[in-house]
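No value in this document is a laboratory result; all are computed from the given coordinates. Keep in mind that this is a model prediction, so the values were computed, not measured. Note: ideal-geometry Cβ built from the backbone for every residue, glycine included; neighbour counts use all protein chains shown.
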Amino acid sequence: MNELVKVPQSQVSQLSPGQIELIKRTICKGASSEELNLFIAQCNRTGLDPFSRQIYSIERREQRDGKWVTVRSIQTSIDGLRLIAERTGKYSGQLGPYWCGMDGKWREVWLDKVPPAAAKVGVLRADFAEPCWGIARFDSYAQKRDGNPTRMWATMPDVMTAKCAEALALRKAFPQEMSGLYTSDEMEQATPPVLIRQHPPHDPHDPQTGEIIEDTSAERTSADEPAPSPQSAPESGAGTLFEDETERHKRIDRELDAAAGDGWVALKKRWEQVSDEDAAIHNAAMKNRHKPKAREADKKRDQELQ
């Protein structure tokens, strides 16, 4: 019978100065010194490898003091949490995942075409008498855009809810090691939506290069329908602000460009959050600028790690 062996923190590899410099140029590109130091400290504390996508430095848009700002947060992959649990020497596996519908009956596999109402996972710890259960409701975690689940939550709702439930269970079982660590799947719904002004569509990209171009058309807002004040939130969405169409597409393009600098995996993850309508507008930029940049970033990173 295999014995559970704890991996001492001293044996968990720490990031070298060269690796930290590489993270500064790639994974944490644009981060402040404080944000970079915090990310490095979390990598060293947890022993997770940012180059293996076990831990991320993610930029998100949040509303603070009535303004949309870009903030950086630290998130992990579900594999990263599993690795932390394994290194404790007390991780004894899992029960589940199980899914249920609105009837509350738990199933070992989800075959319905509609999303499950919830998923649950039990984490077994060697020194605990009972499993630590994590239960994630679809409505609590699913990221939605215009009232509909985004691509991953629409196509793989069972997988996404199970990953959230597992992360909950792992933190319950190992609070000391995982306190404050959340997966990107759990945090997707935390990004507040941006309410877009309804006006004729404008494609701000050059159809060949994908470069941003200015909208030189006439003022879109009707004279008898004044533009919403950027200082106040609309009645239909407390806590949200209006964002001009062209500015929104510029923001999406900037975020895709920043993700491309971190490589293909980061770019793909950001692209999956783009609505089908916006994707049609940004396809040229993805093909001609962002994808090549992501491939170049991955190639450069692989060369530097050799």
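The phi torsions of the stretch 48-59, fed into the Karplus equation with coefficients 6.51, -1.76 and 1.60 and a -60° offset, translate into couplings of 7, 9, x, 6, 9, 6, 8, 8, 10, 10, 10, 9 Hz, rounded to whole numbers, with Gly and Pro shown as x.
Computed from phi, the 3J(HN,Hα) profile of the stretch 264-273 under the Karplus parametrisation 6.51, -1.76, 1.60 (θ = phi - 60°) reads 5, 4, 5, 5, 4, 5, 5, 5, 5, 8 Hz, with x in place of Gly and Pro. Couplings for the stretch 167-179, taken from phi via the Karplus curve 6.51 cos²θ - 1.76 cosθ + 1.60 with θ = phi - 60°, read 4, 4, 5, 5, 5, 4, 6, 10, x, 4, 7, 10, 4 Hz in order; Gly and Pro are left as x.
The value given for the stretch 1-138 is a Kirkwood hydrodynamic radius of 18.1 Å, derived from the mean inverse Cα-Cα separation.
In this structure the amide hydrogen of TYR182, modeled in the peptide plane, comes within under 5 Å of the amide hydrogens of THR76, none closer than 5 places in sequence on its chain.
Would you mind classifying the stretch 90-190 by shape? Square roots of the alpha carbon gyration tensor eigenvalues, ordered a ≥ b ≥ c; an a/c under 1.5 is rounded, otherwise it is prolate if a/b is larger than b/c and oblate if not. Oblate. Taking amide H positions as modeled 1.01 Å from N, with prolines and chain starts lacking one, the residues under 5 Å from GLY89 and 5 or more places away or on another chain are VAL7. Each Lys or Arg adds one and each Asp or Glu subtracts one; over the other residues with Cβ under 11 Å from the Cβ of THR161, this totals -2.
Ignoring lysines fewer than eight residues from LYS67 along the same chain, the ones with Cα atoms less than 28 angstrom from its Cα are LYS24, LYS29, LYS144, LYS250, LYS268, LYS269.
The length gained on full extension between GLU34 and SER16, counted as 0.36 nm times the residue separation minus their Cα-Cα distance, comes to 4.7 nm.
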